[in-house]
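Here's the structure we're looking at; comments come further down.
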Amino acid sequence: MSAGRIEATGPLPGASFGATVRWTGEAGAPSFVAAARDEPGRLPELLAQAKGLLLVRGLPEIAGRPELLIGLSGVFGPEVEDYRHTLTDLRSVHPGQPQILVISNLPPYGKAPPKRPEPPLTAAGGLPVQYPHRRGWHTDQSYRRPPPDISLFYAVTPVAPDRGQTLFANGILAYEALPAELRRRVEGLEGLHAQPGTGRSREAALGGRLPGPFAAHQRSQRQPVVRSHPVTGERALYLCEWGQMDWHEGPFVGLEPGPRGEGAALLDALMAHLTQPAFVYVHEWQQGDLLVWDNRCLVHSATWYDGESEQRLMWRTTVHGNPGTAYDGEAKSWIPREAAAD
């Protein structure tokens, strides 16, 4: 076992959850990753204690050795997603490491930054975080069953401070503080999560655009609005907003559908509650930063940066393997049957 200890201190600055990870052994990403793999239960344990968010700073070597990111990802679950086999646009996949999704405005990736909120600042002059002033809140790939467990996001080239942040809202803390009437309404309720690009967003519904047909592997998926964490047993709100819920048949199963119905009003109330500043962490990126987050209990959102004058290059891996017993025995909903049989 590598000499040294992996430790964590929390909460993260300005937040009520999360932790910063520190490695007391030989400096550098290779020794840190080796230590994490020598003691594979340590980082997952710290992630659970931190209610779903870990920050590791000072890992610049990963930019030149992307295999280190994949090796580190492997301690969080049995399957690090290979994007070649999950219908991902290969133009967004790292050319040498197919387990890495590249998120960048640089060619050939060309992912534009999100729009600025309107107005761009809060009345107090701060960064907007709360829905609906802040849009884009989601949890990764919730339109899949089983959904993924963990995401790792690494800053190869972040933009300057005060923009290009990543925001996190904690579903565990939000559920614990949920008013009694809202808690009663969400017990046993299911959300209907839609794959982006299938024409089922709220924006499309408000514009009167009807979704076209889609294949079975693109179908919207039911997910519990209150999800029990398979490791800690804690209950968390689990839902998204405009772009990743089905606004044609949902957003909730059994409630009036559509962008102005009963379901819409409930989603707006839940998202406004979930993204209150008391439950939110704002991450200002530095080169070599790594964030590890638990999709089973967190939602996140990206912020604007100047895509015309700034260059941003980020890497993401996705880890699967422990979504909870509710998904036992399920085939991957997003893989066509003929591909799964190959």
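The values are calculated or read from the model by the stated rules, or taken from the named source; none is laboratory data. Everything numeric in this text was worked out from a predicted model, so none of it was measured. Counting neighbours? That spans all protein chains shown, and the Cβs are built from the backbone with ideal geometry, glycine included. To get the accessible areas, we keep the full protein, side chains included, count just its heavy atoms, and leave off ligands, DNA and RNA. Shrake-Rupley method; radii C 1.70, N 1.55, O 1.52, S 1.80 Å.
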Name the pairs whose Cβ atoms lie under 9 Å apart, with the first residue in the range 297-326 and on the phi > 0 side of the Ramachandran plot and of a type outside the set (Lys, Arg), the second surrounded by fewer than 16 Cβ atoms within 10 Å (Cβ to Cβ) and in a loop (DSSP other than H, G, I, E, B), and 6 or more positions between them or separate chains? Gly321/Pro78; Gly324/Pro230
Among the residues of the range 296-303, is any in a loop (DSSP other than H, G, I, E, B) and closer than 26 Å to His320 by Cβ? yes
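Yes/no matrix, rows are residues, columns are (1) under 14 Å from Tyr238 (Cβ atoms); (2) modelled with pLDDT of 95 or more; (3) out of contact with any helix residue (DSSP H, G or I) (no Cβ under 6 Å at 6 or more places or on another chain):
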residue	(1), (2), (3)
Gly125	no, yes, yes
Thr157	no, yes, yes
Thr166	no, yes, yes
Leu173	yes, yes, no
Arg184	no, yes, yes
Gly197	no, no, yes
Within the range 179-202, tally of residues that are in a helix (DSSP H, G or I), in contact (Cβ under 8 Å) with a residue 24 or more places away in the chain and more than 21 Å from the chain's Cα centre (by Cα): 3
Any residue at all in the range 39-54 that's exposed (fewer than 14 other Cβ atoms within 10 Å of the Cβ) and touching a Lys or Arg at 6+ places or on another chain (Cβ under 7 Å)? no
Complete set of residues in the range 1-26 that are aliphatic (A, V, I, L, M), farther than 19 Å from Ile172 by Cβ and either at pLDDT below 95 or in contact with a Phe, Trp or Tyr (Cβ under 8 Å, 6 or more places away or on another chain) (or both): Met1, Ala3, Ile6
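If I filter the range 254-278 down to residues being outside any helix (DSSP H, G or I) and under 23 Å from the mean Cα position of the chain (by Cα), which single residue comes out as surrounded by the most Cβ atoms within 10 Å (Cβ to Cβ)? So that I can check it myself, show each step before the final result.
At the first step, the residues of the range 254-278 found to be outside any helix (DSSP H, G or I) are 254-261, 275-276.
Cutting the leftovers down to under 23 Å from the mean Cα position of the chain (by Cα) gives us 275-276.
Working: Thr275: 26, Gln276: 15.
Once the filter is applied, the top-ranked residue is Thr275.
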Any idea which of (1) open to solvent by less than 10 Å² (accessible area, probe 1.4 Å); (2) at negative phi; (3) touching a residue at least 40 places away in the same chain (Cβ under 8 Å) is the one Gly288 doesn't satisfy? (2)
